[in-house]
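Undergrad: If you scroll down you'll find the structure; I have some questions about it.
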Amino acid sequence: MLLKDKVAVITGGAGLNGLGFASARMLAAQGARVAILDLAGANPAGAAAELGPQHIGVVADVTDKASCEAAAQEVLRRLGRIDILLNNAGITQPRKTLDITAADYDAVLDVSLRGTLYMSQAVVPAMQAQKSGSIVCISSVSAQRGGGILGGPHYSAAKAGVLGLARAMAREYGADNIRVNSLTPGLIATDINKGKIPEDRRAGILEQIPLGRIGDPDDVAGCVVFLASDLSKYLTGVTLDVNGGMLIH
């Protein structure tokens, strides 16, 4: 197993049809003990129980620095270490530029970008102490192509910010043997977009994807495992596209 004796923390991982839970399931299958972090209403403990008794759920709000720090300390207390962080938590809104309110902007930027910073800050000291760690950040193809699918411009901005933040952290923490990499999924079949794409538009999207299909959560989860494991031990600051060829550049 690629991740035997490793501990992985996943933000926004309680949705059973989402990228976070698919990644949790695949990380666990490779031997990791998993801590699923999410809001209380999402029931992270219930999601963790789906994986098995050695995994835990922790209530946390990634937009709150104290909550992130408390969650990291709880993981360390219960599981003993933190080797992997998957910054997965994020929200999207279908807005046009002139329709984005201050509240819209704050909501999207806070979860995707501020949350990535706060949770990374919370786990880095433990990774520094053990001189190893892998942080994986979920961005989006929207950051690279300027939206155009579901999220508004503020979503594209948030996800582009994640890429810049990850690269800067990769440069800063390389000497501590902490790797920081990003994934940019294309259109993936999760609850976020379920039923929101009309069939005629869906056909047009598929025409732009060389592999001819919308992605599955496991397509992303496999790349998370790769970046979390020693298979990618000489990769840091990388942006890995997971979009079926939607964006070839």
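Every read-out reported here was derived from the displayed coordinates using simple, explicitly stated rules and does not represent laboratory data. Every value quoted in this text rests on a predicted model; they were computed, and no experiment measured them. Cβ placement follows ideal geometry from the backbone for every residue including glycine, while neighbour counts extend to all protein chains displayed.
Undergrad: Rounded to the nearest 20 debye, what is the charge dipole size of the chain about its Cα centre when +1 sits on each Lys and Arg Cβ and -1 on each Asp and Glu Cβ?
TA: That gives a dipole near 400 debye.
Undergrad: Hey, another quick one. How many lysine pairs does the chain hold where the Cα atoms are under 21 Å apart and the two sit 8 or more places apart or on different chains?
TA: Going through the chain pair by pair, I get 11.
Undergrad: Provide the gained length on full extension for the span Ala70 to Leu16, in nm with one decimal, where the gain is 0.36 nm per separating residue minus the Cα-Cα distance.
TA: Length difference between fully extended and current span is 17.0 nm.
Undergrad: Averaging the inverse of every distinct alpha carbon separation and then flipping it gives the Kirkwood radius. What is it for segment 20-62, in angstrom units?
TA: Numbers: mean 1/r = 0.0991 Å⁻¹.
Evaluated on segment 20-62, it is 10.1 Å.
Undergrad: Also, I was wondering about something else. Can you find, among Leu16, Phe226, Asn177, the residue farthest towards the positive end of the dipole of the chain? Put +1 on the C-beta of Lys and Arg, -1 on that of Asp and Glu.
TA: Of the listed residues, the answer is Asn177.
Undergrad: Taking a ≥ b ≥ c as the square roots of the Cα gyration tensor eigenvalues, with a/c under 1.5 meaning rounded and otherwise prolate when a/b beats b/c, else oblate, which class fits segment 1-80?
TA: It is oblate, given that a/c is not under 1.5 and a/b is not larger than b/c.
Undergrad: Enumerate the calculated ³J(HN,Hα) couplings along segment 30-36 in order (Karplus 6.51 cos²θ - 1.76 cosθ + 1.60, θ = phi - 60°), each rounded to whole Hz, writing x wherever the residue is Gly or Pro.
TA: Per residue, the Karplus-derived 3J(HN,Hα) values read 8, x, 6, 8, 10, 10, 8 Hz.
Undergrad: Whose amide H sits under 5 Å from the amide H of Arg179, counting only residues 5 or more places off or on another chain, with H placed in the peptide plane?
TA: Close amide H contacts, sequence-distant or interchain: Gly133, Ser134, Ile135.
Undergrad: Right, here's the next one. Quick one: pull the percentage of alpha-carbon pairs in the chain with a separation above 23 Å.
TA: Across the chain, Cα pairs with separations above 23 Å total 46 percent.
Undergrad: Taking 0.36 nm per residue of separation and subtracting the Cα-Cα distance, what length does fully extending Leu98 through Ala129 add?
TA: So the extension gain works out to 6.5 nm.
Undergrad: When the Cα centres of segment 1-57 and segment 204-218 are compared, how far apart do they sit, in Å?
TA: 26
Undergrad: Length gain on complete extension for the stretch Ala40 to Arg81, per 0.36 nm per residue less the alpha carbon to alpha carbon distance? Please report the intermediate quantities before stating the final value.
TA: Working: separation 41, 0.36 × 41 = 14.76 nm, distance 2.32 nm.
Fully extending the segment from Ala40 to Arg81 adds 12.4 nm.
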